[in-house]
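Chemist: Handing you a structure now.
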Amino acid sequence: MRLTIDPQVNTYQKEQLLTNLHRIFGDFDTTMLTLIDPLLEWVEIGGGEILFRQHETGDSLYFVISGRLQAYVTDSQGSQQIIGEIIRGETVGEMAIFTGDPRGATIIALRDSVLVKLSKHAFEQVIAAYPAVSMNVTKLIINRLRTSQGEREVPKKPINICVLALHEDPEQATGCAGQFIEELHPLLSQKGSTFITSSNQVNAYFGQPDFAQTDKSHPNAYRQLTQWLDDQESQYKFMLYVTDPIYPGQSLSEWTRRCLRQGDEILLLADARQKPDLTYVEQELLNAGFQTGAPQTLILMHPADTDHPRHTANWLSLRPRVKNHYHIRKGLARDMARLARILSGTAIGFVLAGGGAKGFAHIGVLRALQEWGIPVDFLGGTSVGGLVAATFSFDESIEITTQHLRKAAQFNPTKDYNLLPFISLIRGRRIEQMIQTCIHDFTGNPNPYIEDSWLTFFTVSSNYTQAREEVHTRGPMEKYLRATSAIPGVFPPIIEGDDLLVDGGTFNNFPADVMSRVGVGKVIGVDLSIDKPRKLNIEQIPNPTALLRDRFRPKRQRKYRLPSLMSIMLNATLLYSSARRNQNVRYTDLYFNPNVSRYGIMNWSSYDSIVRKGYEHALEVLAQLSPEELENLKA
């Protein structure tokens, strides 16, 4: 970390500083500016460097002028959890000097960043001279505490996106990234102004060969290029940094190093037809010890006629720093449009609740969304919601998907009783066949993994041993679909190491909160719970003989309107999730709640009727949206 020289601060940086000062201190005049200006220190920090560490004494706050920082906390066992990112125009470290407490998190620079430091002593001088400032500071503390207590945060989209091709084609002058950038640029530009920068473009602009390769040994030229890039960043919402092609025997160019340092997110562009081994480019990065804090995303490029991805786990296992991965078919417009939404923070996540046979209503809602032109980029669900989400993640047509799910419903997983129910009432063979029909027959893959889906997918189970929720984003799809549906006492649990996994509905039957954390811009959810309490006309449960006689009466003449044993067992597992339901609904931007209460959770034969109910309800909800709301969902 080093101090910069104040006269070299450009106009854009000064404007960013003024914006930050207004945010902290509220309205102030030139007299206050005169007081504050000499108390400020301009600081540069390189990508991967630590600004300050958790538990350190807080002696200053920082204004982020350019760049991107990440905050994470470390628990007593040494495990790290990322709690947020700080981007240009925001502040970091103010809580410690406001409250006097030690730093609550470690702050690392994801890329090269410019900050302005205001010490605690200087801050106290400002407060003493202008007591009214303390009121604005108090509001900031309250807002920060609200955010830390679980209010939904808007995803912070990357500004600088670095594209690094892992496989190069010597016959392409622009490298493998060229065509990818050409397809991505117009789609990303629809989300906001986008600027492409490469070494050739930089050299042409400055009229000097190899000007992009200027390193820090030429401080004036290096700073000139840095400030020019900062100026572009101030004018555009997105910057696409294209690295130089790297062939065996070559080392990383200075421009490639700069691109990697500048990236808020690094896209590793790979040819899915190649072996998953670490490429020469990646080995060169490791040999050079080059690391930044920026998240890495693996983009696996497939031929346009690829049916389904395979063996993605092999790619990911060799790249532990990869945070996300996406499958793209070359020349397929909807795949690139999906990636543009993901990168711009406008992706749409679709959440499907559990509910047995009632879950087929999800299919009708998805059909309506497709007809209205509303895309779905991420899918997640619990129990039958997980099964429907997994089937749709293969990105087949709605007709083919519906046919497979209709075929799966014929297995009726509850008609598979265990003669010796030591662990469960039902053996679970039929539900295995149901899942296999949806995923094995669909993909032709005998062992598909979650990470092999065209659309990003997750499902939720409950860890019976550890008494916690488990979110599955990778691993054997069949195993975790069985786990998310393994209702305790009804279906056999799934073994995971030393733990037992059971139905996800025990902890989270409507995982909208999980979807909100994956970085989507909008969350669409389908909930199957209806607030319609059952009315009882009896004071105590009749004896078994009376209940048996009542069952032989016609339905309308029955005296005792009680749920069946199976219904009680199934619904009892959802009690905790039901208590969380209202909280999770708050995470949705578009909420569907089809009334399928007339159908039981075991009405598998009512597949078409339930699908139709979901479709009709979705049409009603969509028709009530304003043109602006609908456009925001389609964008």
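Chemist: Residues to consider are 458, 491, 510; find the one that is crowded, with 24+ Cβ neighbours inside 10 Å and in a strand (DSSP E or B).
Modeler: Exactly one residue qualifies, and that residue is 458.
Chemist: Can we say residue 541 is open to solvent by 50 Å² or more (accessible area, probe 1.4 Å), over 30 Å from residue 620 (Cβ atoms), at pLDDT 95 or above and not aromatic (Phe, Trp, Tyr)?
Modeler: On the way: open to solvent by 50 Å² or more (accessible area, probe 1.4 Å): yes; over 30 Å from residue 620 (Cβ atoms): yes; at pLDDT 95 or above: no; not aromatic (Phe, Trp, Tyr): yes.
It is false that residue 541 is open to solvent by 50 Å² or more (accessible area, probe 1.4 Å), over 30 Å from residue 620 (Cβ atoms), at pLDDT 95 or above and not aromatic (Phe, Trp, Tyr).
Chemist: Filter the stretch 252-275 down to residues that are over 14 Å from residue 315 (Cβ atoms) and basic (Lys, Arg) and give me whichever is most open to solvent (accessible area, probe 1.4 Å).
Modeler: 257
To keep it simple, each residue is scored yes or no on (1) on the phi > 0 side of the Ramachandran plot; (2) of a type in the set (A, V, I, L, M); (3) buried (at least 20 other Cβ atoms within 10 Å of the Cβ); (4) modelled with pLDDT of 90 or more.
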{"residue": "326", "(1), (2), (3), (4)": "no, no, no, yes"}
{"residue": "340", "(1), (2), (3), (4)": "no, yes, yes, yes"}
{"residue": "361", "(1), (2), (3), (4)": "no, yes, yes, yes"}
{"residue": "369", "(1), (2), (3), (4)": "no, yes, yes, yes"}
{"residue": "373", "(1), (2), (3), (4)": "yes, no, no, yes"}
{"residue": "378", "(1), (2), (3), (4)": "no, no, yes, yes"}
{"residue": "385", "(1), (2), (3), (4)": "no, no, yes, yes"}
{"residue": "399", "(1), (2), (3), (4)": "no, no, no, yes"}
{"residue": "404", "(1), (2), (3), (4)": "no, no, no, no"}
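Chemist: Something else now. Here are 503, 498: which of them is under 27 Å from residue 418 (Cα atoms), open to solvent by 50 Å² or more (accessible area, probe 1.4 Å) and either free of Cβ contacts under 8 Å to residues at least 24 places away in the same chain or charged (D, E, K, R) (or both)?
Modeler: On the way: 503 fails: open to solvent by 50 Å² or more (accessible area, probe 1.4 Å).
498 is the lone residue from the list that is under 27 Å from residue 418 (Cα atoms), open to solvent by 50 Å² or more (accessible area, probe 1.4 Å) and either free of Cβ contacts under 8 Å to residues at least 24 places away in the same chain or charged (D, E, K, R) (or both).
Chemist: Looking only at residues in the stretch 342-358 that are open to solvent by less than 10 Å² (accessible area, probe 1.4 Å) and among the hydrophobic types (A, V, I, L, M, F, W, C), which one is modelled with the lowest pLDDT?
Modeler: The residue in question is 357.
Chemist: Can I ask one more? Testing residue 566 on (1) modelled with pLDDT of 85 or more; (2) open to solvent by less than 50 Å² (accessible area, probe 1.4 Å), one condition comes back false. Which one is that?
Modeler: Every listed condition holds for residue 566 apart from (1).
Chemist: OK, next. Quickly run through the stretch 230-251 and pick out the residues that are crowded, with 19+ Cβ neighbours inside 10 Å and not acidic (Asp, Glu).
Modeler: The answer is 238, 239, 240, 241, 242, 243, 245, 246.
Chemist: Which one of 278, 300, 286 is touching a His at 6+ places or on another chain (Cβ under 6 Å) and among the aliphatic types (A, V, I, L, M)? Walk me through how you get there before you give the answer.
Modeler: Details: 278 fails: touching a His at 6+ places or on another chain (Cβ under 6 Å); 286 fails: touching a His at 6+ places or on another chain (Cβ under 6 Å).
Only one candidate qualifies: 300.
Chemist: Does residue 199 count as out of contact with any strand residue (DSSP E or B) (no Cβ under 7 Å at 6 or more places or on another chain), touching a residue at least 60 places away in the same chain (Cβ under 8 Å) and surrounded by 14 or more Cβ atoms within 10 Å (Cβ to Cβ)?
Modeler: Values: out of contact with any strand residue (DSSP E or B) (no Cβ under 7 Å at 6 or more places or on another chain): yes; touching a residue at least 60 places away in the same chain (Cβ under 8 Å): no; surrounded by 14 or more Cβ atoms within 10 Å (Cβ to Cβ): yes.
Taking the combined requirement at face value, the residue does not satisfy it.
Chemist: While we're here: Restrict the check to the stretch 605-612 and report whether at least one residue is among the small types (Gly, Ala, Ser), open to solvent by less than 40 Å² (accessible area, probe 1.4 Å) and touching a helix residue (DSSP H, G or I) at 6+ places or on another chain (Cβ under 6 Å).
Modeler: Looking through the stretch 605-612, none of the residues is among the small types (Gly, Ala, Ser), open to solvent by less than 40 Å² (accessible area, probe 1.4 Å) and touching a helix residue (DSSP H, G or I) at 6+ places or on another chain (Cβ under 6 Å).
Chemist: Now a separate question. Looking at this structure, is residue 517 at negative phi, surrounded by fewer than 21 Cβ atoms within 10 Å (Cβ to Cβ), basic (Lys, Arg) and touching a residue at least 12 places away in the same chain (Cβ under 8 Å)?
Modeler: On the way: at negative phi: yes; surrounded by fewer than 21 Cβ atoms within 10 Å (Cβ to Cβ): yes; basic (Lys, Arg): yes; touching a residue at least 12 places away in the same chain (Cβ under 8 Å): no.
Taking the combined requirement at face value, the residue does not satisfy it.
Chemist: Also, I was wondering about something else. Filter the stretch 599-633 down to the residues that are without any contact (Cβ under 8 Å) to a residue 24 or more places away in the chain and of a type in the set (S, T, N, Q), then identify the one that is farthest from residue 191 (Cα to Cα).
Modeler: 609
Chemist: I would also like to ask the following. Search the stretch 318-360 for residues being of a type in the set (D, E, K, R) and part of a strand (DSSP E or B), and hand back the single one that is nearest to residue 297 (Cα to Cα).
Modeler: Residue satisfying both the conditions and the ranking: 323.
Chemist: Something else about it: For the stretch 470-487, indicate whether the set of residues that are surrounded by 18 or more Cβ atoms within 10 Å (Cβ to Cβ), acidic (Asp, Glu) and over 17 Å from residue 313 (Cβ atoms) is non-empty.
Modeler: Yes, the conditions are met somewhere in the stretch 470-487.
Chemist: Shifting gears a bit: Somewhere in the stretch 423-446, is a residue closer than 20 Å to residue 600 by Cα and open to solvent by 50 Å² or more (accessible area, probe 1.4 Å)?
Modeler: Yes.
Chemist: Say whether the condition of being among the small types (Gly, Ala, Ser), over 22 Å from residue 246 (Cα atoms) and open to solvent by 10 Å² or more (accessible area, probe 1.4 Å) is met by at least one residue in the stretch 276-291.
Modeler: no
Chemist: Out of the stretch 287-315, which residues are within 19 Å of the chain's Cα centre (by Cα) and of a type in the set (Ser, Thr, Tyr)?
Modeler: 297, 312
Chemist: Out of curiosity, is residue 432 charged (D, E, K, R) and more than 22 Å from the chain's Cα centre (by Cα)?
Modeler: The answer is yes for residue 432.
Chemist: How many residues are touching a Phe, Trp or Tyr at 6+ places or on another chain (Cβ under 9 Å) and either surrounded by 16 or more Cβ atoms within 10 Å (Cβ to Cβ) or part of a helix (DSSP H, G or I) (or both) when one looks only at the stretch 63-83?
Modeler: Qualifying residue count for the region: 3.
Chemist: Continuing with the same structure: Report, by residue number, each residue of the stretch 578-632 that is of a type in the set (Asp, Glu) and part of a helix (DSSP H, G or I).
Modeler: Those that are of a type in the set (Asp, Glu) and part of a helix (DSSP H, G or I): 608, 616, 620, 628, 629, 631.
The values are calculated or read from the model by the stated rules, or taken from the named source; none is laboratory data. In this text, all values refer to a predicted model and were calculated from it rather than measured experimentally. Heads up, the Cβs are rebuilt from the backbone with ideal geometry, glycines too, and the neighbour counts pull from every protein chain shown. To get the accessible areas, we keep the full protein, side chains included, count just its heavy atoms, and leave off ligands, DNA and RNA. Shrake-Rupley method; radii C 1.70, N 1.55, O 1.52, S 1.80 Å.
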